[in-house]
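Everything on this sheet refers to the single structure shown next.
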Amino acid sequence: MVSKQAALRVAIPAELREWVDNRLISAHIRIVRAMLLGTLLNVVAICLGLNGEIKPVLLALFSSSLIAASLHRLWLAEGIERGRRRRRTGKIMQAFWLNSLWLGLTFGIPMAWWFPHLSPASQLLLAISGCAQIAAASRSPTSRASPATSGSRTDVA
């Protein structure tokens, strides 16, 4: 939910910050379903891939906590989208930040704990899943690559 332009937030006039925050929240709400679907697919892939190498109770705790955090984020987004919650941007952003912390810790700690004890194939699965989660968290469908990095040339001589 935090974009690369978050550092530029201080340059926004105080009277426009609430409007900008509302626009960021609205943009996040539009992509939350796709983001959560990707998270749940990662959880399923990890649980199927690590079945037999990790105790089933640990996989159940891992998946149930991530499912709970995902459903909580969806509940937050649905409530805001349907107008069941007042648009107090500070509280909403804090709720999404805490949910991001919950998702990140629930995903990161078990991966770091399990990684050294797994076979190379399972380590590759965790590495790919972790990279996919990080990439999804740092890039949204509305962000675009800059022309300098997209490979297109507009300055042909």
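We did not get these values from a lab; they are worked out from the coordinates using the rules stated. Values in this document were obtained by computation on a predicted structure and should not be read as measured data. Note that each Cβ is placed from the backbone with ideal geometry, even for glycine, and that neighbours are counted across all protein chains shown.
Results, tabulated for the structure shown:
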read-out: Simple label model, 7 Å out from Cα along Cβ direction - I134 to L74, nm; value: 2.7 nm
read-out: Nearest-0.05 FRET efficiency for L61 and A121, computed from C-beta distance (R0 25 Å); value: 0.65
read-out: Kirkwood Rh (inverse of mean 1/r, distinct Cα pairs), the range 16-140, angstrom; value: 15.6 Å
